[in-house]
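A quick write-up on the structure given underneath.
The values are calculated or read from the model by the stated rules, or taken from the named source; none is laboratory data. Just so it is clear, the model here is predicted, and its values are computed rather than measured. As a convention, Cβ positions derive from the backbone with ideal geometry for all residues, glycine included, and neighbour counts pool all protein chains shown.
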Amino acid sequence: MSTTRDARLLDLLADRATEGLDAVAQRELSGLLRERPEVDADGFDLAAAALYLAVASASEEAPPNLRSGLERQGRAWLESRHGS
């Protein structure tokens, strides 16, 4: 994969973690991830969540995209350990 495509992959992962992606960008990300199966697709989401937890006040609510991503990853993690 070219450096430009790697940069685009990282940009899309960062955008997904911080603001969400529209359907077109999500399809582009899915295609890039198929080309690079070794990339940890959830790493940026987890990093964004950790950063948010480190700096957010206790009364501040997590952004909807971050919250839904964490819920999705939590369900996937539970299913991988307990089956569904």
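Quick notes
- Output for the range 1-24, where each listed residue is in contact with a helix residue (DSSP H, G or I) (Cβ under 7 Å, 6 or more places away or on another chain) and surrounded by fewer than 15 Cβ atoms within 10 Å (Cβ to Cβ): Met1, Arg5, Ala14, Glu19
- Unmet criterion (only one of (1) part of a helix (DSSP H, G or I); (2) of a type outside the set (Gly, Ala, Ser); (3) loosely packed, with under 15 Cβ neighbours inside 10 Å) for Leu70: (3)
- A single member of Ala50, Ala41 is closer than 23 Å to Leu9 by Cα, in contact with a helix residue (DSSP H, G or I) (Cβ under 6 Å, 6 or more places away or on another chain) and either at pLDDT 85 or above or not β-branched (Val, Ile, Thr) (or both), and it is Ala41.
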